Amino acid sequence: MPRYAATIATSKPVDEVFHYMADFRSVERWDETAVKAELLDGTVPGPEARFRVAVKLFGKVSDLDYETVAYEPPRRFVLRAETPSIISEDEVCVRETETGSELTYDASLSPKGVMKLASPILGIVFKRLGDNAAKGLARELGGKIVA
């Protein structure tokens with residue numbers, strides 16, 4: 001199962017970082033694969049929020065419908081999307097530091113069916129995409145990648 005985790009340190013307070021991330025429409029600004037993100041249901045941010053994210057990979061645009069499956073403001077939330085070929089789960093945790101906050105983004109892909117055969121290749125691609133998203137997050141949060 002491909003997995004990617006990164007931690008971003010920022011001077012922004014925990015509440016601001018949590019709300020920015022929990023409104024997952026922000027993904028358009030920090031993840032270059034996200035070409036469009038919209039709220040489908042619920043309030044933003046919120047425990048019932050659902051988002052549709054159009055993702056461009058290998059020249060093809062596909063929709064991922066994420067639902068908020070855990071919501072513990074202002075510290076943690078989890079988003080989950082499922083398609084016929086993958087399950088994507090993204091956990092965001094925010095903690096206070098002496099100089100602001102740290103955001104840890106932990107994403108995993110669980111291939112289904114024949115996609116399981118491509119898991120090693122997906123892992124390589126997922127790392128590259130994750131590195132780019134982490135750089136975008138650091139830029140948007142005015143911070144730096146620390147892990």
Task: Pair list, Cβ under 9 Å, 6 or more apart: segment 46-60 residue assigned to a loop (DSSP other than H, G, I, E, B), other residue polar (S, T, N, Q) and surrounded by 13 or more Cβ atoms within 10 Å (Cβ to Cβ) - done: 46/68; 47/68; 48/68; 49/68
- [ ] Please go through segment 9-27 and pick out each residue that is among the small types (Gly, Ala, Ser) and either in a strand (DSSP E or B) or farther than 17 Å from residue 106 by Cα (or both).
- [x] 9, 11
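This table checks each residue for (1) modelled with pLDDT of 95 or more; (2) touching a Lys or Arg at 6+ places or on another chain (Cβ under 6 Å); (3) crowded, with 16+ Cβ neighbours inside 10 Å.
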| position | (1), (2), (3) |
| --- | --- |
| 5 | yes, no, no |
| 8 | yes, no, yes |
| 14 | yes, no, yes |
| 17 | yes, no, yes |
| 21 | yes, no, yes |
| 25 | yes, no, yes |
| 29 | yes, no, no |
| 32 | no, no, no |
| 35 | yes, yes, no |
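Which one of 89, 32 is part of a loop (DSSP other than H, G, I, E, B), among the acidic types (Asp, Glu) and within 30 Å of residue 114 (Cβ to Cβ)? Quick ask: steps written out before the conclusion?
Details: 89 fails: part of a loop (DSSP other than H, G, I, E, B).
Result: 32 is the single residue among 89, 32 that is part of a loop (DSSP other than H, G, I, E, B), among the acidic types (Asp, Glu) and within 30 Å of residue 114 (Cβ to Cβ).
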Task: Among (1) more than 16 Å from residue 18 (Cα to Cα); (2) touching a Leu at 6+ places or on another chain (Cβ under 6 Å), the one test that residue 90 misses - done: (1)
Open item on the list: Which numbered condition in (1) surrounded by 13 or more Cβ atoms within 10 Å (Cβ to Cβ); (2) among the charged types (D, E, K, R); (3) under 21 Å from residue 56 (Cα atoms) is the only one that residue 128 fails?
Closed with: (1)
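The values are calculated or read from the model by the stated rules, or taken from the named source; none is laboratory data. Owing to the predicted nature of the structure, the values given are computational and were not obtained by experimental measurement. Heads up, the Cβs are rebuilt from the backbone with ideal geometry, glycines too, and the neighbour counts pull from every protein chain shown.
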